[in-house]
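Structure record follows, encoded as structure tokens.
The values are calculated or read from the model by the stated rules, or taken from the named source; none is laboratory data. What you are looking at is a predicted structure, and each value in this text was computed from that prediction instead of being measured. Cβ coordinates were reconstructed from backbone atoms using ideal geometry, including for glycine residues, and neighbour counts include every protein chain displayed.
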Amino acid sequence: MPAHIAFHLNDEPRHLPPEFSPTTTLLDWLRGPAALTGTKEGCAEGDCGACTVVIEEADGARSAVNACLLTLGQIHGRRLRTVEGLRAPDGGAHPVQSTMAACNGTQCGFCTPGIVMSAWAHQTEGGDPHEALAGNLCRCTGYRPILEAFARLPAEPAAPPPPAPLPAVPLLQSGSQSFHRPASLAELVALRAAQPGAWLLAGGTDLGLRISEHREVPEAVICTLDVPELAIAEVSPGGLRIGASLPYRRLLALCATEPGFAPLAGLLRRLGSRQIRGMGTLGGNLGTASPIGDALPPLLALGATLRLSSPEGEREMPVEDFLTGYRRNALKPTGEVIRDVFLPRPPKGALMACEKLSRRHDQDITAVGLSVLLTRDGNRIATARIAHGGLGPKAARATGAEAALAGAPFTEASFATAAEALMAEIAPLDDLRASAAYRKRAAGNLLRRLWHRWSGQEAA
């Protein structure tokens, strides 16, 4: 029997009547029926952060997310807080709000609610204030006082006990529209086989645009957020096994502490923003097979493999073979889904780099992506894996450049030869982000720059 959408909002339970479509964006519901207009609409595509709200996780963590990309079906059973629910125990201004005011961290005020919610999430996540603020744009500019407020946030007082969790539901339905929430891998695979045309949804940073910007209304959605097999994060001496629905924020935290994965962690810090990383998933990036997916070149350089599940059983496949063309992948149309990804740990002493060029440093789409993994035998390059993104219809290995480096001496001349080979084997397109000529030259120069970095010649 279909259930109604239910969640906790600002510590109060909310139960929505069945006329609310589960693919209504959270932003539309907040600003419309809920009349909580502190959450603003700016871009409706997850770029500006004016719609930032916070999901309070069961483990006490806070995830800043974009309300414009989240659907009501995705937040069923979760705890959500908007700026209207942020207050001190005595009902006055919350310390985050007071700190923003004391630092003169507000101007016209339009973007301030989203910034305040990012700051509140930052209280528990910590880290670099610049990184925490990267997903919020201030239309009046003047980020210095805002960053000062982020740096001066007081310690968070003890949180009250969380409310009792709401029960999971297998199906949310509004009219002819169905929104499935399978609770196991077996249920997911069976649903996928029965409804091959349904949208497969995890974080929604891609599909959410089709709803928020293009106003598409899918007849059926299969949401993977309740499938425990897709949320794993397993560490072994050989590498990391990452569930397809694990949010990027958790993958980043893991890579930042695991030996060998620091270069990948550095790249993930530039993948969207904290709001996007709180929603987006590795499985989603692979499933869409976009040539500009930030995480795809590192997977190719590492030699990552996928575990795929279907009614016929499981199979493993290199990521390289999974990406078959522009937004095309090797999933079988018989209910096959991505279960997890295995990232081999780079060999001890290996050199790895994950490079990204974009028009701005934070919150921007890749114009040129290049990931390189080298091993050495003395002063010679033993093996070389080079992968690129944003330079063709799919993320791919640069086999010509690899052949130029493998077995060559570890010298500037070898890298220069490999750079020329790389430029010869790619055929990038012109678009608004960069010209083909720029992309080709930049890709070669990124490879040349690695020689200077790894040989100690690049300035710190």
Take residues that are aromatic (Phe, Trp, Tyr) and tell me which of the helices (runs of 4 or more DSSP H) falling wholly in the stretch 134-237 contain 1 or more. 144-151
Test: ALA132 is outside the structural domain of ARG270 (by TED's automatic domain parsing), of a type in the set (Gly, Ala, Ser) and either in contact (Cβ under 8 Å) with a residue 24 or more places away in the chain or buried (at least 16 other Cβ atoms within 10 Å of the Cβ) (or both): yes
Starting from the stretch 301-326, take each residue that is more than 19 Å from LEU240 (Cβ to Cβ) and list its partners that are among the hydroxyl-bearing types (Ser, Thr, Tyr), counting only C-beta distances under 8 angstrom and pairs at least six apart or across chains. SER310/THR334; PRO311/THR334; GLU312/THR334
Requiring at least 3 residues that are within 30 Å of ARG192 (Cβ to Cβ), the strands (runs of 3 or more DSSP E) wholly within the stretch 291-383 are 305-310, 313-318, 323-325, 337-344
Scanning the stretch 72-107 for residues that are among the polar types (S, T, N, Q) and within 13 Å of ILE55 (Cα to Cα) gives GLN74, THR82
For the stretch 362-384, give me each residue that is surrounded by fewer than 22 Cβ atoms within 10 Å (Cβ to Cβ), within 19 Å of LEU299 (Cβ to Cβ) and either hydroxyl-bearing (Ser, Thr, Tyr) or modelled with pLDDT of 95 or more (or both). THR375, THR383
Looking at this structure, is GLY407 more than 19 Å from ALA437 (Cα to Cα) and part of a loop (DSSP other than H, G, I, E, B)? yes
